[in-house]
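Read the structure below first, then the notes.
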Amino acid sequence: MKNKTVAIIGAGYMAKEYVKVLRGMGIPALVFGRGEEKARQFEAETGGQVFTGDYRAALREQEVLPDYAIVAVNVGGLCDVTEELMRLGVRHILVEKPVAYRSGALAALREEQKRTGAEVFVAYNRRFFASVKKAQELIRADGGVTSFHFEFTEWAHVIGPMVRPEGEKEGWLFANSTHVMDLAFFLGGMPREMTSFVAGKLDWHPDGSNYAGAGISERGALFTYQANWEAPGRWAVEALTAKHRFYLKPMETLQMQDIGSVKAEPVELSDRLDREYKPGLYEMVQAFLENPGDERLLTLEEHAKHFPVYERIAEGGSEGWKCGGSES
């Protein structure tokens, strides 16, 4: 693995976290940023060099085009940069979520992926938390999830005043809340049928602020969800089996409740990597570089099939809905 070189497109917060992980692995990173100010800040904080200007030209100037790239630009540029990297000939790409704000853009990106044969994964790092890994182990021992619940409440009082790139706050449910949705459905199965409700609105998120719904997953597990962005709350996932109830709240921790008990006990975790690096990131990058068959790695194809579910949650609708996926 140490013979690999990874290109990172972007020089913001996530790029710094990826560089930290790659350094821990002993892997060199070529970092490409757009703005001089952010590039200089990156260099001052990390001690690494940032190539500024047209990253495509800079990549072409490399003696050998990196086989691996991580896309960590602003949400609005994720889809375009990923497509450009595929056209340049990069064959292994890890792109930050949500890749795009709508399934139509993902479908177009999938066509380019099919044409180039590139391998593209979406960086939902919570799948790689030590807490989630342990929960999976215990859930399997119990025979699987029979029902689950998740909450994706966002703190509107914090997000509202933030200055973000154009369109990002309006698309916050896709850009941020899908972390919770993806994890819940990863543990319990994607929806087979679902009913969704939406109410309220915010100045910066006019499409809704209060969400609730229920359904049945493809694995036969019943599920519910809710999120009220104008009330107190936090992200959470609860998974129930025939023997236990598991709480990921906060998600970096795991608590387990035995049948016949009302007390939830903390579960001991082997979480050194989650404490040393941004949680989930080390194992996700390791899987991307060494084990692309890891079930926790979300492929672009899978993400494109899941996205209509997120759109349904965002838009609501009281009639029953059956998930058919966005592509065959």
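Structure data summary
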{"quantity": "All strands (runs of 3 or more DSSP E) inside segment 16-114 with 1 or more residues being under 24 Å from the mean Cα position of the chain (by Cα) and of a type in the set (Val, Ile, Thr)", "calculated": "29-33, 68-71, 92-96"}
{"quantity": "Every pair of residues 6+ apart whose Cβ atoms lie under 8 Å, when the first sits in segment 284-295 and is closer than 15 Å to Val120 by Cβ while the second is β-branched (Val, Ile, Thr) and part of a loop (DSSP other than H, G, I, E, B)", "calculated": "Leu289/Ile27"}
{"quantity": "Subset of segment 160-202 that is outside any helix (DSSP H, G or I) and of a type in the set (Val, Ile, Thr) - its residue that is modelled with the lowest pLDDT", "calculated": "Val163"}
{"quantity": "Filter pass, Ala135 being surrounded by 19 or more Cβ atoms within 10 Å (Cβ to Cβ), more than 16 Å from the chain's Cα centre (by Cα), of a type outside the set (Ser, Thr, Tyr) and not in a loop (DSSP other than H, G, I, E, B)", "calculated": "yes"}
{"quantity": "Residues that are within 16 Å of Phe150 (Cβ to Cβ), in contact with a Phe, Trp or Tyr (Cβ under 6 Å, 6 or more places away or on another chain) and of a type in the set (Gly, Ala, Ser), drawn from segment 186-209", "calculated": "Gly188"}
{"quantity": "Test for Thr241: is it β-branched (Val, Ile, Thr) and within 22 Å of the chain's Cα centre (by Cα)", "calculated": "no"}
{"quantity": "Boolean, Gly260 is without any contact (Cβ under 8 Å) to a residue 12 or more places away in the chain, over 18 Å from Val180 (Cα atoms) and either surrounded by 12 or more Cβ atoms within 10 Å (Cβ to Cβ) or outside the structural domain of Phe197 (by TED's automatic domain parsing) (or both)", "calculated": "no"}
{"quantity": "Test: residue in segment 172-192 that is acidic (Asp, Glu), in contact with a Ser or Thr (Cβ under 7 Å, 6 or more places away or on another chain) and crowded, with 20+ Cβ neighbours inside 10 Å", "calculated": "no"}
{"quantity": "Odd one out for Ala231, checked against (1) over 23 Å from the mean Cα position of the chain (by Cα); (2) touching a residue at least 24 places away in the same chain (Cβ under 8 Å); (3) buried (at least 17 other Cβ atoms within 10 Å of the Cβ)", "calculated": "(3)"}
{"quantity": "Contacts under 7 angstrom Cβ, first residue in segment 181-201 being on the phi > 0 side of the Ramachandran plot, partner part of a strand (DSSP E or B), 6 or more apart", "calculated": "Gly189/Ser217; Gly200/Asn210"}
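The values are calculated or read from the model by the stated rules, or taken from the named source; none is laboratory data. What you see is a predicted model, and the numbers here were worked out from it, not measured in a lab. Here Cβ is always computed from backbone atoms with ideal geometry, including for glycine, and neighbour counts include all displayed protein chains.
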